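The values are calculated or read from the model by the stated rules, or taken from the named source; none is laboratory data. In this text, all values refer to a predicted model and were calculated from it rather than measured experimentally. When we count neighbours, we look across all protein chains shown, and the Cβ atoms used for this are built from the backbone with ideal geometry, even at glycine.
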């Protein structure tokens, strides 16, 4: 009796061809002269535009759960990069993917590619190259966007008197993670955690209006702290009664827990930005407080008391 030969696993180049060669969004209108399949991509930058580049690495068990569905991993890993482009007010153009796999699981790869390309199609961004290698599961994406000269949103422009605004109800990212760790796999917060929605349209709308902007990856307090430090060691006072309590995405949480989630929770990938007093608040956004000259973060309670806050958030090390 002869042994049945085992099917050979795909090599690196076969994996790339099978799951990551796509012809959609390629061509002269996208600036892609040569996409995946050669030593490097050839790209034509949009005429008269500045390029905005960002890169994030996501590790299994650290940035996404080991048991997260592959399609959600693909979607989420691209989303965090697109959120950085949104925070700069950039139009997405291209991205590179570096994928490290412990072994070849074609079902996992197919799901990962499907989730990633679902968001890529929505954002109209093209995969133009990358790499696949063996090792602990990690996903590294480098994304490029474009902005008109001088119109990129930055962290360093906030001024005393500016309003501090967010692009929606924060806190769902951390709540979703907590629920996942408790064994839940469905619900509004879980959906937000699995597939955050980069606020690309809001970023474009804030060009020429917002004085500073950042995406909320580490939490409102921590990321607001980055804006205030970059803008010249400024401070801020947030209004407790401005927090949007009672949101459906935080259903079931006490008011105290909603405040904690909204101020300290990371993984939201909503935009946090500062607006001059004369600028109107975009639809769906909330004003949480005001930038002040005095350093430090403060919370004005409903009863008029002022509490000092600490900018604690997600720590990578």
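Only residues that are more than 19 Å from residue 240 (Cα to Cα) and in a loop (DSSP other than H, G, I, E, B) were counted in segment 270-293, giving 9.
For segment 233-242, residues that are assigned to a loop (DSSP other than H, G, I, E, B) and at pLDDT 95 or above total 1.
Scan segment 172-199 for residues that are touching a residue at least 40 places away in the same chain (Cβ under 8 Å) and in a loop (DSSP other than H, G, I, E, B) and the total you get is 5. Candidates are the residues of segment 27-42 that are more than 22 Å from residue 139 (Cα to Cα) and surrounded by fewer than 19 Cβ atoms within 10 Å (Cβ to Cβ); the one that is modelled with the highest pLDDT is 42.
For segment 264-286, the set of residues classified as crowded, with 23+ Cβ neighbours inside 10 Å and either modelled with pLDDT of 95 or more or over 18 Å from the mean Cα position of the chain (by Cα) (or both) consists of 268, 269, 270, 271, 272, 273, 274, 275, listed by residue number. Taking the stated definitions as given, is residue 92 outside any loop (DSSP other than H, G, I, E, B), touching a residue at least 24 places away in the same chain (Cβ under 8 Å) and more than 20 Å from residue 63 (Cα to Cα)? It is true that residue 92 is outside any loop (DSSP other than H, G, I, E, B), touching a residue at least 24 places away in the same chain (Cβ under 8 Å) and more than 20 Å from residue 63 (Cα to Cα).
Set side by side, the residues 142, 179 differ, and just one is in the same structural domain as residue 227 (by TED's automatic domain parsing) and either surrounded by fewer than 19 Cβ atoms within 10 Å (Cβ to Cβ) or in contact with a helix residue (DSSP H, G or I) (Cβ under 7 Å, 6 or more places away or on another chain) (or both), which is 179.
When residues in segment 58-67 are screened for being assigned to a strand (DSSP E or B) and buried (at least 16 other Cβ atoms within 10 Å of the Cβ), 3 of them pass. Taking every residue in segment 41-65 that is free of Cβ contacts under 8 Å to residues at least 60 places away in the same chain and pairing it with any residue that is surrounded by 15 or more Cβ atoms within 10 Å (Cβ to Cβ), at least 6 positions away or on another chain, the pairs with Cβ-Cβ distances below 7 Å are 44/31; 64/58; 64/73; 64/76. Being in contact with a strand residue (DSSP E or B) (Cβ under 6 Å, 6 or more places away or on another chain), modelled with pLDDT of 95 or more and either surrounded by fewer than 24 Cβ atoms within 10 Å (Cβ to Cβ) or in a helix (DSSP H, G or I) (or both) is the requirement here; does residue 119 meet it? When the stated conditions are applied, residue 119 does not pass them. When the criteria are applied in full, residue 156 meets the requirement of being assigned to a loop (DSSP other than H, G, I, E, B), surrounded by fewer than 18 Cβ atoms within 10 Å (Cβ to Cβ) and touching a strand residue (DSSP E or B) at 6+ places or on another chain (Cβ under 9 Å).
Is there a residue in segment 68-77 that is under 21 Å from residue 191 (Cα atoms), touching a residue at least 40 places away in the same chain (Cβ under 8 Å) and either in the same structural domain as residue 214 (by TED's automatic domain parsing) or outside any helix (DSSP H, G or I) (or both)? So far as segment 68-77 goes, yes, one or more of its residues are under 21 Å from residue 191 (Cα atoms), touching a residue at least 40 places away in the same chain (Cβ under 8 Å) and either in the same structural domain as residue 214 (by TED's automatic domain parsing) or outside any helix (DSSP H, G or I) (or both).
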